[in-house]
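Enquirer: Would you mind keeping the following structure in view while I ask a few things?
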Amino acid sequence: MSLTAPRVGTAPGALPVLGHAWELRTRPLEFLAALPAHGDLVEIRLGPSPGYVVCAPELLRHVLADSRTFDKGGPFFDKARALFGDSLAMARWAQHRWQRRQLQPAFQTARIAGYAEVMGEEVARMTRSWRAGSTVGLVDALNALALRIVTRSVLAAAAEDRAVAEFQRSLPPAVEGLYRRTLTPVPLLHSLPTPGNLRYFRARRRIRRATDDVIRAQRAAPPDDGGLVSLLLSARHGEHDGPLSDADIRDQLIVMIGAGSDTTANALAFAYWLLAGHPAAEERLHQELDDVLKGRPARFDDLDSLPYTRSVVSETLRLYPPGWFFTRATTAETELAGRRLPSGTTVLYSPYILHRHPGLFPEPERFDPDRWLPERADGTPRGALVPFGGGSRKCIGEQFALTEMALALAGISARWALRPARGTRLTPRALGTLSPGPLSMVPRPRKEAPGHG
Ligand code: HEM
């Protein structure tokens, strides 16, 4: 973006002891969105220690490309290991490569094309229970949808209703608890029997138990052709060449279920909120779906013919990236934007900051799916749209998530338009992921689309 030297600044308003932890806890999105005004790299205080927030795409590219120096670490990842162990999303550089190699086959394009069938079936299953004029708790419904999809497809485990219900019940308090622990810079407080801590410990215990049940069921089932549980059961540990322990397998599954469910669910919920408020965009989406699908269900190989549907997905992920805030810790002394960072420095990045930066996206607050049509998308600065991160730690589920979102939009919007129930407001909550808050939506059947007899 800039040809000039990057500017390093300091965020104002640090409190004694807490630093900016209070602002990050109480008004995180406003706090982050204001940071680029202070520089391309902005120093904040996390408790008494400094952290550096990356606010320019070229600096972020540097950080993400050098995942050995800017390794997973910092407050969120250190706390998250208590729930996700040393699994793929948490692993440090030295452990990451072999893990990624073991898990990647579950995300090959050919497999995603196969998962698309499960996605379509599950969307149809969800909408079957909708009635015109009834009220749907959209975020819960989409969470259940995403959990069933990831369990049945990536894990290739029988979608045990009990396990899915348990994940649905326990993941939100576990992830929320983790996030709150990140922002409490006094470790002693984490073990006190406060209601919040007890809720977190209970949720973590339940998730582990439900995941163990999935593994047990899969061990007893005939071997399948490469779902994640089977891949992990036959995987060999990088250096030792021994099988993975049950705890290692459990951690990998929990991270996939965690990272692969409320991210897509929240993004889809935001998409329906945005579409309800932008009738012209909704009409274009409906038109495209009617023209291309002519009333039949969407398949994986339809996605190339649904550019507007995919643009709605991209624009939603720009405005409301579910992964809104990540940390790294430097593993050696290094330099960033001309600032010397000692080993162990916390570096933070936020897709939300870049996606709402007026220097990167004209009228950044405006929902404008047309920005992503090929003729305009080329004007977007490289590295400015980063809902899935980048470099070697880029989301392993990117293609899966984009497919799921586009197919869900196609499956739902072919038949239904969703409108907020009376009194429903968007109340974005930035915790472990960015969510729209509870959204009560009313499904309205669209005028009969061709083929819907
Ligand atoms: C809209 C949906 C999604 C978004 C926005 C999203 C976002 C992200 C981001 C930003 C990262 C990088 C984090 C960092 O730099 O520290 C990431 C990593 C990851 N995501 Fe996703 N994700 C989504 C869906 C999924 C799905 C569906 C799965 C699995 C089924 C998944 C599994 C993972 C895993 C395992 C990692 C760690 C990868 C590694 O370190 O090698 N995500 N995701």
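Enquirer: Highest mean first, how do 161-174, 54-67, 368-381 rank when packing is the count of other Cβ atoms within 10 Å averaged over residues?
Expert: 54-67, 161-174, 368-381
Enquirer: Cβ under 9 Å from His190's Cβ, His190 left aside: what net charge do those residues give with Lys, Arg +1 and Asp, Glu -1?
Expert: +2
Enquirer: For the range 337-351, what does the Karplus curve 6.51 cos²θ - 1.76 cosθ + 1.60, with θ = phi - 60°, yield as ³J(HN,Hα) per residue in whole Hz, taken in order and with x for Gly and Pro?
Expert: 6, x, 8, 7, 10, x, 4, x, 6, 7, 10, 10, 9, 9, x
Enquirer: Please list, in chain and number order, the residues 5+ apart from Ala235 or on another chain whose amide H is under 5 Å from its amide H, with Hs placed from the backbone.
Expert: Counting only residues 5 or more places away or on other chains, the set is Leu244.
Enquirer: Full extension from Ala65 to Leu192: what is 0.36 nm times the residue separation minus their Cα-Cα distance, to one decimal in nm?
Expert: Going from the current span to full extension adds 41.8 nm.
Enquirer: Further question: Can you list the HN-Hα couplings for the range 147-156, worked out from phi with the Karplus curve (6.51, -1.76, 1.60; θ = phi - 60°), rounded to whole Hz and with x for Gly and Pro?
Expert: Working through the residues one at a time gives 5, 5, 5, 5, 5, 6, 9, 5, 6, 6 Hz.
Enquirer: What distance in nm separates the simple spin-label points at Arg425 and Arg97, each placed 7 Å from Cα in the Cβ direction?
Expert: My value for the distance between the label points is 5.2 nm.
Enquirer: Using the Karplus equation 6.51 cos²θ - 1.76 cosθ + 1.60 (θ = phi - 60°), what ³J(HN,Hα) coupling, rounded to whole Hz, does each residue of the range 312-317 give in order, writing x for Gly and Pro?
Expert: Whole-Hz 3J(HN,Hα) from phi for the range 312-317: 4, 4, 4, 5, 5, 5.
Enquirer: Suppose R0 equals 56 Å. What FRET efficiency, 1/(1 + (r/R0)^6) with r the Cβ-Cβ distance, do Thr26 and Arg236 give to the nearest 0.05?
Expert: Computed FRET efficiency for Thr26 and Arg236 comes out at 0.75.
Enquirer: Summing Lys, Arg as +1 and Asp, Glu as -1, what charge do residues with Cβ under 13 Å from the Cβ of Trp273 carry, Trp273 excluded?
Expert: Charge balance near Trp273 sits at 0.
Enquirer: While we're looking at this one, here's another question. Could you work out how much longer the chain between Glu363 and Ala247 gets when fully extended? Use 0.36 nm per residue separation minus the Cα distance between them, nm to one decimal.
Expert: That works out to 37.0 nm of additional length.
Enquirer: With the crude spin-label approximation of a point 7 Å out along Cα→Cβ, what separation in nm comes out for Ala280 versus Ala377?
Expert: Inter-label distance under the simple model: 2.2 nm.
Enquirer: What does the helix-only formula give at 222 nm for the chain: each DSSP H stretch with n ≥ 4 adding -39500 (n - 2.57), the total divided by the residues, and the result rounded to the nearest 500 deg cm²/dmol?
Expert: -15500 deg cm²/dmol
Just so you know, all these numbers are worked out from the coordinates, no wet-lab data involved. Just so it is clear, the model here is predicted, and its values are computed rather than measured. In this analysis, Cβ positions are derived from the backbone assuming ideal geometry, glycine residues included, and neighbour counts consider all displayed protein chains.
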